[in-house]
Amino acid sequence: MRSLLAPISVGAIITCLAIIAQSQTAQALPSFARQTGQPCGTCHTDFPGLTPYGRKFKILGYTVGGGPFKTTPFTLFPQVREYKKDPLDLYADPNAAKLPTSADVSNDGAGQSKIWVPPISVMTILGYTHQQATPAPPCSPYPCNDVLTDAPSSVFYGGAITEHIGAFAQVTYSGLKVPSTTVPIDPYSTFQWSWDNTDVRYANTAHVAGLDVIFGITANNNPSVQDPWNTTPAWTFPYAVSTAPNFGGFGPATLIDSSLAAHVAGVGAYAFINDLLYLELTGYKTINWNTQTKLGVDPFGAGVISGVAPYWRVAFEPHWGNHWFEFGAYGMSAQLQQWDTSQADSNGFQIPVFIPGADRFTDTAFDAQYQYQGSNYWFTLRGTYIYEYQQLNATFNNPVAAGSSNPTNTLNTFRGLASLAYGNDNRFVFTAQYFNTWGSSDTTLFITNPGCACSPNTNGYIFEIAYTPFVSSRAPIWPWANMRIGLQYTYYNEFNGDTVFAHDNNLLFAYIWFAM
Amino acid sequence: MKLINMRLALPAAVLAVLFCAERAECASSSLGAKIEYCKTCHGLSAQGYYGFYPIPRLAGQQTQYTENQLRAYSEGRRKNRYMYNVAHALSPGTQAALAKYFSGLKVRPLSGASRSANSEGQRIFEDGDPASNVPACTACHGVEARGHEEIPRLAGQLPEYIFNKLVNWNQERGQDPHHPDISAVMLPTSHNLTKSQIRAVAAYLSHLE
Amino acid sequence: MKFICSNLAMLALVASTIPSLAGWEGVNPRNCTWCHGTSAQGYAPAPQLAGQKPLYMENQLRSFRAHTRDNPFSKLYMWAAAENLSFDQSRYLVLHFAALPSKPAKDGNQQKLVAGRTLFEDGDPNANTAACAVCHGPDAQGIRDIPRLAGLSYYYLRRKLKQWREGYHATAKSPMPEIARQLSRDQIEAVASYLSFVK
């Protein structure tokens, strides 16, 4: 596959990144339900979008317990054995109503002695994709349209490791092997398993100057995967997207829009002050070339960060009654060395060589979210706007062939959605999202046909109806199993700068998403 | 919360007048509504209730005594902020009707019925404490502690309530020096009994039916 | 020697962290504070636990386990939260929270404070509404199994009173559903507003 890319410009790579960026997967884990004892609906509204409690669980480092199993392998908390006598005088009142004793409690013994079960979960998404206009071949080994997929499938470690350290770690089987058409086999076409969204955190609480503070450290592999508001790119709607090979995606993605996912590792610190103000600063570096291949990631899938790329996040979430209102900003700045795709070995496979210089991407974004909790539903509004300024010092000046027609470009992404999650027991979720990507025209980067407008502009709507049967009640046989049956329709007004044939990409995606 | 058990306690003819199955059915001035109002604090069967303050039992209380207290509250001779508000809004006719109603209620003591010998409390109640000039309580309150006319029933009363009243007697009763009342008769006794004696008597009385 | 010592030290360190895969799980108040607020002052629908009466809280945990307390949020959150608590763990937690200092929520309607205070302290004799203070205490501090109301969130108090009017249940012996049914909407908003400011 790599050998075919030799003449293709960086623009194609960016488009590929866009596709990868959209294959976002689960953030909801049955292992979290086992750990806390809470049903899925406590933390999730538009599954797997988060409620305020889900956000707290995440900010606290995935370490909250309360379920039928031991939270961590270690027993670190006070051991409550039995109370022979009230330790405090709080109950010692001559008029006290008769105090309950162990004998009075019928469910006594529950939770007295627990076992630890590793917080492993698995998921898979079965999907059916129908595109309005059948894409042109080659599509083999899959049909060109009406594609059935069983990807992605993932295994997760999700839960506490110690009282203050927890992790969300995902390993994904992409399943869709596109067989290499060359002999010998292209080494980068054989990855089946790869590491996916991973966030390991340390979290603790403190009381500073009369304010409650939750503070922590995050180590993760995808800028904004650690963010608890589902407005930032790593965990935003749509959560399940078609993995059919010819699915066109939602347009080119800014750098922060999951373009570096799995290629980088970052460490950062954050604080959530008084349940109101969230501050975070994280620095990312690209993972070593060999390590990426061992993790199942194609190292040529993204440029390499020079030095450390900072990611910052500010969010303010006032709340009153059953209303939560969040508004914030986030961003990232990275200097990327770009791969020279013309460099190949004797078999025609790409070798790791950079083009001279580095591109600089500066992303600045704003987001807002409103949530209202009714007695039987959640209503959510979310919006985000990302502005990216690209200084294509390397790409534009590529001595082999200029990778862009402009030395600088801008790229904008806007997403706005409304979602209603109705019903506490069996939750129906209705979601409508407007997405829009627009930016500088560039006849090298975005060339689709001669005389094209050559812009990245892609916009449209996504509508989804989903049903999750076990929101507050438990599944039979295996109480932590759940599934989401969804029907998603994507309508394109404009696709990669073209409005005439945009509707050809309109997509119907039906899926059943299993998790246990 | 339907007063199903209470419906069994009174004749059917009375039920129609006195009982409102749901509060909304009664005019707020009706006797039925007033009875429900009393029961909010004094207990579903007027057996008393341990709120922040011990709220006394009204079931089986002497009619004359109850009437006298309601009048004393509304006239300010007996000082209690909450009962002043309550009694103030009741007409004398309603006060009399309520007193009569509650006197007819029968219910087990809140502290539980037992005649297990509480020797000191029983002794003080039946014999008094001559050394401290405390007469036998039975002389006025009756051997069964059920009282008579303007002398209150003590049987089954909340012990903490009895204790509080005796200890605070002159801070609560007889508050109008221009209109002294019968409550003055308990003043010496409340004074002469020690706190532990009061506790013992109260405990004994609380189990009487 | 140094080699052996350092290796023994390493071994000891590793051994001390060998997980015990079965055994007593202690009870961490954080299992409650992630929803009830980091210092247990309450967070949105979840009420303040700090300074609440321990016997009251114990009774509530028991009623969640027995599914007596059945309003939507109790069902969604608290039934699961109480399910895995043993009697002794419940008692440990309620004593822990009872001892914490509390801060009033102060999120009521400031226009209704006077009316709320009057209703709380004196009731409304003409409407046959008893004074809340008789049971809940003159400062709404509660006692034994009667909850402290001082400083609880206006939204929480209002919701509870409204839910009782709608027919949801309290713990088995609580008189509150009947009492709530005789309160008007204005009275509920007034008393809930007032209480949210009481220290």
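FYI, it's all coordinate maths here, none of it is from the lab. Source: prediction; values computed, not measured. Please note: Cβ atoms are built from the backbone with ideal geometry, for glycine as well, and neighbour counts cover all protein chains shown.
Could you line up A:W312, A:W324 from fewest to most neighbouring Cβ atoms inside 10 Å?
Details: A:W312 16, A:W324 20.
Ascending number of Cβ neighbours within 10 Å: A:W312, A:W324.
What's the local net charge at A:A253, with K and R +1, D and E -1, over the other residues with C-beta under 14 Å away? Walk me through the intermediate numbers first.
Working: positive: A:R415; negative: A:D257, A:D363, A:E388.
Every neighbour counted, the sum reads -2.
In this simple spin-label model, placing a label point 7 Å from the Cα along the Cα-to-Cβ direction at both B:C140 and A:V400 gives a separation of 11.1 nm.
Could you work out the relative contact order of the range A:374-427, using alpha carbon pairs under 8 angstrom and six or more residues apart, expressed as a whole percent?
On the way: 78 pairs, mean separation 26.7, N = 54.
Once normalised by length, the contact order is 49 percent.
Here's how it looks for A:I305: its modeled amide H is under 5 Å from those of A:T286, A:Q337, which are all 5 or more places away or on a different chain.
What's the average, rounded to a whole number, of partner chain beta-carbon atoms within 10 Å of each residue's beta-carbon in A:238-251? Walk me through the numbers before you get to the answer.
Details: counts 0, 0, 0, 0, 0, 0, 0, 0, 0, 0, 0, 0, 0, 0.
Rounded to a whole number, the mean comes out at 0.
The residue among B:A202, B:Q122, B:P188 whose Cα reaches farthest toward the positive pole of the charge dipole of the range B:67-209, with charges on the beta-carbon of Lys, Arg, Asp and Glu, is B:A202.
Using C-alpha pairs below 8 Å separated by at least 6 residues, the relative contact order for chain C is 25 percent. Listed by chain and number, the aspartates and glutamates whose alpha-carbon sits under 16 Å from that of C:K162, ignoring those within fewer than 8 places in the same chain, are C:D70, C:E178, C:D186, C:E189. Measuring between their Cα centroids, the range B:186-209 and the range A:302-367 lie 82 Å from each other. Using a Debye calculation, one point per C-alpha and no hydration shell, please list log10 I(q)/I(0) for chain C at q = 0.11, 0.12, 0.13, 0.14 Å⁻¹ in order. These q points yield log10 I(q)/I(0) values of -0.54, -0.62, -0.71, -0.80. Rounded to the nearest Hz, the phi-derived 3J(HN,Hα) couplings of the range C:78-86 under the Karplus curve 6.51 cos²θ - 1.76 cosθ + 1.60 (θ = phi - 60°) are 7, 4, 5, 5, 8, 4, 9, 9, 7, where x marks glycine and proline. Among the trypsin sites (Lys or Arg not before Pro) within the range A:427-492, those in coil by DSSP and having at most 16 neighbouring Cβ atoms inside 10 Å are A:R474. Across the options A:P456, A:V429, A:F470, the greatest Cα extent toward the positive end of the charge dipole of the range A:426-516 (unit charges at beta carbon of Lys, Arg, Asp, Glu) belongs to A:F470.
Our coupling estimate for the range A:37-53, obtained by passing each phi through the Karplus curve with A = 6.51, B = -1.76, C = 1.60 and θ = phi - 60°, is x, 8, x, 4, x, 5, 9, 10, 9, 7, 2, x, x, 9, 7, x, 6 Hz, Gly and Pro reported as x. Centroid-to-centroid, using Cα positions, the range B:52-111 and the range C:89-110 are 36 Å apart. Residues C:W79, A:W378, arranged from fewest to most other Cβ atoms within 10 angstrom of their Cβ, appear as C:W79, A:W378.
Within the shell of other residues whose beta carbon sits under 11 angstrom from the beta carbon of A:C43, the net charge comes to +3, with Lys and Arg scored +1 and Asp and Glu -1.
What ranking do A:K285, B:K195 get, fewest neighbouring Cβ atoms within 10 angstrom at the top?
Numbers: A:K285 17, B:K195 10.
With the fewest neighbours first, A:K285, B:K195 line up as B:K195, A:K285.
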